[in-house]
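Novice: Here's a structure for you.
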Amino acid sequence: MTTFAELHRGEEPLLLPNAWDHASAGALAAEGFRAVGTTSLGVAAAVGLPDGASATRDETLRLALALGSGPYLLSVDAEDGYSEDPDEVGEFARELVAVGAVGINLEDGLGSPALHAAKIAAVKAAAPGLFVNARTDTYWLGEGDTDTRARLDAYQQAGADGVFVPGLTEPHEIADLVKHLDVPLNVLYTPTGPTLPQLADLGVRRVSLGSLLYRRALGAALETALDIREGRTPRGAAPSYGAVDALSRRGDVTHSDEA
């Protein structure tokens, strides 16, 4: 079986879609995606908590438990590790491995790079086989390439298996960073940025969809409700009730289609 790390070394970049529940992950796997990530925004929004505030540790672990035995490789978006204590972050990583996760995404939030490096080292000590994707927010929250390379160098030295720079979209900056790195570069897909083939040509090895699928699903739901309210036929495609129900591992209960 292909390992998660090997998917970062294939002929094409790993396109990692991000799920927010059992059905979304199952539907993506059914379309041939061998690996699925989680989206912290989707997890937080589902329970009415803020994203990026270290508030969804338990909810993230519950989702990983639900998805960890699925027919795909699971990587978990763990925000900043839900703690400022590297040992606690390492313990969380151990819990993720126990429920079947093979990867973790850890973001620095533009905080101390030394602390983030310590978290990465703690995760690798606690769960050596877990693929650590170390994210820096110099582009996402900052003003661009201020100290991106210095941060990523520290994260590589701490044991990161890959690095993630969301918000990085300029082709020449991507290509330059790829040449500098010793580990695979992950970028966040944006509809206004380079296409997947263009990112492949630039040397990117992993392309995440982040919260895009969740936000588009929410947008489609709103469009459907508004179309019906205004007397219009809803646009777009929708899986059948039976198709969605079949994605559940607990689909042994018969329900009415009118539920």
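The values are calculated or read from the model by the stated rules, or taken from the named source; none is laboratory data. Keep in mind that what you see is a predicted model, and the values were worked out from it rather than measured. Note that each Cβ is placed from the backbone with ideal geometry, even for glycine, and that neighbours are counted across all protein chains shown. Note: areas computed on protein heavy atoms with side chains; ligands, DNA, RNA excluded. Shrake-Rupley method; radii C 1.70, N 1.55, O 1.52, S 1.80 Å.
Novice: So is LEU209 open to solvent by 60 Å² or more (accessible area, probe 1.4 Å), modelled with pLDDT of 95 or more and out of contact with any helix residue (DSSP H, G or I) (no Cβ under 8 Å at 6 or more places or on another chain) or not? Write out each step before concluding.
Specialist: On the way: open to solvent by 60 Å² or more (accessible area, probe 1.4 Å): no; modelled with pLDDT of 95 or more: yes; out of contact with any helix residue (DSSP H, G or I) (no Cβ under 8 Å at 6 or more places or on another chain): yes.
No; evaluated as a whole, the condition is false for this residue.
Novice: Select, from LEU28, LEU14, LEU49, LEU7, the only residue that is open to solvent by 20 Å² or more (accessible area, probe 1.4 Å), touching a strand residue (DSSP E or B) at 6+ places or on another chain (Cβ under 9 Å) and at pLDDT 95 or above.
Specialist: After applying the criteria, what remains is LEU28.
Novice: OK, next. For the stretch 132-165, enumerate the residues that are touching a Pro at 6+ places or on another chain (Cβ under 8 Å), surrounded by 17 or more Cβ atoms within 10 Å (Cβ to Cβ), over 19 Å from PRO13 (Cβ atoms) and small (Gly, Ala, Ser).
Specialist: ALA154
Novice: Could I ask something else about it? If ALA64 meets every condition in (1) assigned to a helix (DSSP H, G or I); (2) open to solvent by less than 10 Å² (accessible area, probe 1.4 Å); (3) farther than 18 Å from ALA25 by Cα; (4) hydrophobic (A, V, I, L, M, F, W, C) apart from one, which number is that one?
Specialist: Looking at each condition in turn, ALA64 falls short on (3).
Novice: Can I ask one more? Looking only at the stretch 123-155, which residues are outside any loop (DSSP other than H, G, I, E, B) and either of a type in the set (Lys, Arg) or at pLDDT below 95 (or both)?
Specialist: Residues of the stretch 123-155 outside any loop (DSSP other than H, G, I, E, B): 123-126, 131-135, 148-155.
LYS124, ARG135, ARG149, ARG151 - these are the residues of the stretch 123-155 that are outside any loop (DSSP other than H, G, I, E, B) and either of a type in the set (Lys, Arg) or at pLDDT below 95 (or both).
Novice: Next question, about the same structure. Among the residues of the stretch 203-223, is there at least one that is in a helix (DSSP H, G or I) and farther than 26 Å from ASP51 by Cα?
Specialist: Residues of the stretch 203-223 in a helix (DSSP H, G or I): 212-223.
Next cut, farther than 26 Å from ASP51 by Cα only: none.
Looking through the stretch 203-223, none of the residues is in a helix (DSSP H, G or I) and farther than 26 Å from ASP51 by Cα.
Novice: Kindly indicate the residue of the stretch 212-232 that is farther than 14 Å from TRP20 by Cβ and among the charged types (D, E, K, R) and also least open to solvent (accessible area, probe 1.4 Å) among those meeting that condition.
Specialist: ASP227
Novice: Now for a different question. So in the stretch 166-186, with the set limited to residues that are part of a helix (DSSP H, G or I) and without any contact (Cβ under 8 Å) to a residue 24 or more places away in the chain, which one is most open to solvent (accessible area, probe 1.4 Å)?
Specialist: If we filter the stretch 166-186 for residues that are part of a helix (DSSP H, G or I), which is where we start, we get 171-180.
Restricting the remaining residues to those that are without any contact (Cβ under 8 Å) to a residue 24 or more places away in the chain gives 172, 176.
On the way: HIS172: 112, ASP176: 69 Å².
Within the stretch 166-186, the match that is most open to solvent (accessible area, probe 1.4 Å) is HIS172.
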